[in-house]
1. Being at pLDDT 95 or above and assigned to a loop (DSSP other than H, G, I, E, B) is the requirement here; does Leu11 meet it?
2. Pull up segment 76-111, narrow it to residues that are over 19 Å from Asp8 (Cα atoms) and among the aliphatic types (A, V, I, L, M), then point me to the one that is surrounded by the most Cβ atoms within 10 Å (Cβ to Cβ).
3. Specify which of the listed residues (Gly365, Gly372, Gly344) is on the phi < 0 side of the Ramachandran plot, small (Gly, Ala, Ser), over 22 Å from the mean Cα position of the chain (by Cα) and surrounded by fewer than 16 Cβ atoms within 10 Å (Cβ to Cβ).
4. Which of the residues that make up segment 225-249 are within 19 Å of Asp314 (Cα to Cα), aliphatic (A, V, I, L, M) and surrounded by 24 or more Cβ atoms within 10 Å (Cβ to Cβ)?
5. Mind checking which pairs have a first residue in segment 153-171 that is farther than 13 Å from His27 by Cα and a second that is modelled with pLDDT of 95 or more and of a type in the set (A, V, I, L, M, F, W, C), Cβ under 6 Å, 6 or more apart or different chains?
6. Name the residue that is nearest to Asp55 (Cα to Cα), counting only residues in segment 271-319 that are part of a helix (DSSP H, G or I) and among the β-branched types (Val, Ile, Thr).
7. Is it the case that some residue within segment 163-186 is charged (D, E, K, R) and not in a helix (DSSP H, G or I)?
8. Do we find that Glu35 is among the acidic types (Asp, Glu), crowded, with 18+ Cβ neighbours inside 10 Å and farther than 20 Å from Ala332 by Cβ in this structure?
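The values are calculated or read from the model by the stated rules, or taken from the named source; none is laboratory data. Since this is a predicted model, take the numbers as computed values, not measurements. Cβ atoms come from the backbone with ideal geometry, glycine included; neighbour counts cover every protein chain shown.
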Amino acid sequence: MHMARALDTDLVYAFFDASNMHRWNDHLRPLDLTELDKQAHKAAIAWVIGKYEEDAGNRVDWRKLIEEAMFSFMQRIVLTDLKPELFHRMRKERAGDMNRYVLEEFSRRVPDMEPGLRSRFEAYLSAKVPSREGGIVGAAHYLATRWEFNLIYEHNRSMTGIGETRAAIEKGVKAHSGLIGVENILTDSTFGFVDLMGQLRFQQRWARTPRVPQTTVLGHSLMVALMTYLHDLDAGAGDRQVYNDFFTALFHDLPEVLTKDVVAPVKTSVGGLTELLDEYERELMESRMMPLIPEKWREEFRFMVYEPFTDRDDPILGPRRGRDIKCCDLMAAYIEAYVSRRYGITSRTLEDGEDSLRRRLNEIGGSIDSTGFMERLDRMRV
């Protein structure tokens, strides 16, 4: 008998397919902006706002925050083609019909969604008043959208309606100004952190290889984080491990904004390069990244970004299952190679990469059924 799991191949593919969803596609864009990247940036911004809320003495339920960020992503996967003003009007005037459609569409795309997850998704859609965590996710949404808008504005400043778009975004940001983190991001050094995180969307994965869809380091990071979270649900992980695992996965490639994404064959073929890169990354993180976040966050942030694939059980910060995060990292890379190959990309590098990743996932062991995941992916139509 098949047992439904939160780490469901259909759900993971639905997340990955957001790399095919192009944002601002009715505007002139200096680069492709995808829904997957936007959602990754939103999750990172939500962490910053949540940390400021805790500093102000407000309790943040991080498990709830992670799940509400994921649920808002799932909703946008279905409704991403709607212009924002239409989306918000429908949510106000036809919320019941819209929510039913979203649930029906996800039932079609993910027929074996774990029942508890589906129940909480349904409750999220029908909630009348957002929770504190939902408010944080909503604020992060507008700040991530604002970051994108500032990127494209100069290319579209003569476009009819661009002023109204800017005003609507600023209105959305202002509506969340009661959260201390919103004002702090706009006025202090943490904007630099948010900006650097956003810049990970400029870095293409598999940079020397043609792929469809192209994915970025930023989007890949969210894929790893979401798969890690879903596995933690299946494993019954405690709240602290859920927090550590998700945000370690989300930030695991952040040093690459300072060093670029060095492809694996180069890392492994040049003796001592991996160790040299690790040392250089740490130096840059300490000199350029750490000053951008409050000092009291830095020890926890070091715990997340240094040696992210190592299991840890810190007496203060709690447990982290780095081996599981590494497995999800390989699975996310495998999806990138697998889907491109099924779309007809015949690159030898991509073929070798898919074979190597499949072999490593079959051998990795641990608590994640990566072999079963690949087998289920083989049975899907992509």
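1. When the stated conditions are applied, Leu11 does not pass them.
2. Among those residues, the one meeting the criterion is Met98.
3. Being on the phi < 0 side of the Ramachandran plot, small (Gly, Ala, Ser), over 22 Å from the mean Cα position of the chain (by Cα) and surrounded by fewer than 16 Cβ atoms within 10 Å (Cβ to Cβ) holds for just one of Gly365, Gly372, Gly344, which is Gly372.
4. If the condition is that a residue be within 19 Å of Asp314 (Cα to Cα), aliphatic (A, V, I, L, M) and surrounded by 24 or more Cβ atoms within 10 Å (Cβ to Cβ), then Ala249 is the only one that fits.
5. Ile169/Phe149
6. Val305
7. no
8. In short, no.
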